[in-house]
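Contents: one structure, followed by commentary.
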Amino acid sequence: MRFFDPHIHMTSRTTDDLDLMSKAGVRAIVEPAFWLGQSRTQLGTFIDYFNSLLGWERFRASQFGIAHYCAIGLNSKEANNEKLAAQVLELIPRFALKEGVVAIGEIGYDEITPAEERAYIAQLRFAVEHDMVVMVHSPHRDKKRGIRRSLDVARDCGLAMNKLVIDHNNEETVEDVLERGAWAAFTIYPSTKMGSERMVELVKKLRSRAHHRRQLGRLGRQRPALRPEDREADARPRRADGARRAHHLEERARRLRAVGPDRRRRADADARDRPVEALLRQLRAARASAARRRAGSELKARRAQASDRLRQDPEASSSGFTDRTAWSTSVAHVMARADAAGPTCWSQP
Amino acid sequence: MTASTVREFLGTLLREREPAAAWTWLGGAAAEIERGVDPVRFGGLLSLVSRYSRRGPLAPTAAERARADELLRGWNPERWTLFEAARAWLVLARRDLDRTSAVDALEECYAYADVGELCALYKTIPFLPGAARFTWRIGEGCRSSMRAVYEAAACDSPFAASQFDDLAWRQLVIKALFVEAPLWRVHGLDGRLSEELARMALDLCDERRSAHRPVQHELWLVLGKHGGARALQAIEAELVGTNARGRRAAAIALARAGKLQRLSELAAKEADPAVRATMESALRGELSQLAFRVLDPSEAKPS
Ligand SMILES: [Zn+2]
């Protein structure tokens, strides 16, 4: 099984965790910028934090065969220190356009204050201007209202709803998000957010709806790697049939396309080098090859090769969405929108 | 070598490799830089290379590598990427490279650079006028534990060997062993070996053996003809060990220490064909730092 974790804070993870993740099959991750448990007091610490997301954490993950991407943004909690927040917002353009950055995030509301809203709007505008995905952290207190407001404000700023991921949903909030056409994400975090059993029930209920979920990397107390109950839950969504999987393939490619800040100009450039095209090509090749050889030995060898190459060459991971993601997807990453035919469940043979 | 001849050379390589749309974008970005841009925009243009340039290795031909070495002795762009070449080409478009404004702008780039940009920036420095202005900066790169960054600062360029003082130089060499970067690619290594370096390497060797950990095979590259009896003892200990890569490296080290008679005795009774082959090539005189290339696990087949 290969996993893609779309929301994890590696800053609070040790190398042991990376080792366990790698052994469990995690091959690619997205680390959104967030609060570090205590608020920063200096601009320089933000600079170093963003640099670590683009440098050290990326290198650290690559040592375990894990491709590391990140989202850059000023989080809602620290948006309330207005003087510092204004300076941090000026940093965003210096980091957000870099190679490994796949979204603006996590941004949004914590206490739903005017200061939070100003920072949220400024970053939404940046995302719209640069055609980027936005990853929204939803508040824990007054969540339902916070999520509705996040959606309204994003819409008013001109953000396309298919570029918006709202995280930390629960049974009460998911319908609002799906109705607008945004992506609903769930954080599996038994004591405070969604529990695995609740998630499974919700997946059943929303079968043809949208959600993505994740297991790892919260700042708080948790078990280090994939938990048995998660694995059980992961097994629940049915493997999609051929036609449906083809649709999922396109959907995922569409989503990845949405990741780039300038897709029109990119489309003009050499298609062979575009990560999305490469992903599509490799997914198709991997599936065709697996079908040809039932034993799947060739595919296995390729995976082993790719993973060796990654371990030996830290730089290989600084090359965007490439062939690694072709085999890093799995049923563990479930994400779609309301207008999709079904959940994008991935399960490579 | 001047910055502008290197830029011209890189431009030729890029024009032949970039798709038309990317080349057009690069041209526009370079023109903007030539006209003068503020530091934020300068850094932004370097970042945007990843959106427009083709992704992949620069893959210079043998003739192009020879031309590179001609432009700057010790410069080997063999492992450069297209992004790096494009970013270097953009940096070299600045009109103020000999002034402090360029140093300040570059320092600002370093402060906000991701790994790919860091590598490109470090690889560009050897072409800039007034090398001494950048010695500290390259030293920073050589202190990095991100192997790609270390390599960009230390390897395939003559900068460190010609600019570093002894302390910085020795730290660079020993650091390579720690981050497992390819020391054989540090241009000028053979010319700056010393008793003090050999002592540091042998202390490290003792540490590794006390900890029951394998000795990095490139440690044997650091001795040269230095280290006396202590070095020979350490080499002999490696040769009776079980680590094939270490034994091959120690065999070359024995030749480098001038003990050819002893090496031919050992070669005569060597059972491992790979080790014997290395011993024989060392006896034939292949004992410069480049002889360690075949032992480099990250190296594809030599081209
Ligand atoms: Zn988070």
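The values are calculated or read from the model by the stated rules, or taken from the named source; none is laboratory data. Since we're looking at a predicted model, the values are computed, not measured. Heads up, the Cβs are rebuilt from the backbone with ideal geometry, glycines too, and the neighbour counts pull from every protein chain shown. Ligands, DNA and RNA are stripped out before the accessible areas are found, and what is left, the full protein with its side chains, is counted by its heavy atoms. Shrake-Rupley method; radii C 1.70, N 1.55, O 1.52, S 1.80 Å.
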Identify, please: which residue in the stretch A:93-122 is within 16 Å of the ligand (Cβ to nearest atom) and within 18 Å of the chain's Cα centre (by Cα) and is, among those, farthest from B:Glu84 (Cα to Cα)? A:Gly108
Looking only at residues that are more than 20 Å from the chain's Cα centre (by Cα) and open to solvent by 50 Å² or more (accessible area, probe 1.4 Å) in the stretch B:191-209, which one is nearest to B:Asp165 (Cα to Cα)? B:Glu196
Filter the stretch A:35-47 for residues that are outside any helix (DSSP H, G or I) and away from the ligand (no atom under 15 Å from the Cβ); which is surrounded by the most Cβ atoms within 10 Å (Cβ to Cβ)? A:Arg40
Result of the Cβ filter at 6 Å on the stretch A:9-34, keeping first residues that are open to solvent by 30 Å² or more (accessible area, probe 1.4 Å) and partners that are within 16 Å of the ligand (Cβ to nearest atom), at least 6 apart or interchain, is A:Ser12/A:Leu219
Here, helices (runs of 4 or more DSSP H) confined to the stretch B:23-102 with at least 3 residues that are within 25 Å of A:Leu91 (Cβ to Cβ) and within 20 Å of the chain's Cα centre (by Cα) are B:82-91
Of all residues in the stretch A:122-147, which are in a helix (DSSP H, G or I) and open to solvent by 40 Å² or more (accessible area, probe 1.4 Å)? A:Ala122, A:Arg125, A:Val128, A:Glu129, A:Lys144, A:Arg145
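Can you pull out every residue in the stretch A:79-109 that is among the charged types (D, E, K, R) and open to solvent by less than 10 Å² (accessible area, probe 1.4 Å)?
A:Lys98, A:Glu106
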Criterion first (within 14 Å of chain A (Cβ to nearest Cβ) and part of a loop (DSSP other than H, G, I, E, B)) does B:Ser145 satisfy it? yes
Members of the stretch A:164-178 that are surrounded by fewer than 21 Cβ atoms within 10 Å (Cβ to Cβ), in contact with a helix residue (DSSP H, G or I) (Cβ under 8 Å, 6 or more places away or on another chain) and not in a loop (DSSP other than H, G, I, E, B): A:Asp176
Kindly indicate whether B:Ala160 is open to solvent by less than 10 Å² (accessible area, probe 1.4 Å) and either free of Cβ contacts under 8 Å to residues at least 12 places away in the same chain or outside any helix (DSSP H, G or I) (or both). no
I'd like to check something: does the stretch A:11-31 contain any residue that is of a type outside the set (Ser, Thr, Tyr), within 12 Å of the ligand (Cβ to nearest atom), in contact with a Cys (Cβ under 7 Å, 6 or more places away or on another chain) and within 14 Å of chain B (Cβ to nearest Cβ)? yes
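For the stretch B:22-41, name all the residues that are within 11 Å of chain A (Cβ to nearest Cβ), of a type in the set (A, V, I, L, M, F, W, C) and crowded, with 17+ Cβ neighbours inside 10 Å.
Listed by number, the residues that qualify are B:Ala22, B:Trp23, B:Trp25.
Could you run through the stretch A:71-92 and say how many residues are within 16 Å of the ligand (Cβ to nearest atom) and not small (Gly, Ala, Ser)?
Summing the residues that are within 16 Å of the ligand (Cβ to nearest atom) and not small (Gly, Ala, Ser) in the stretch A:71-92 gives 5.
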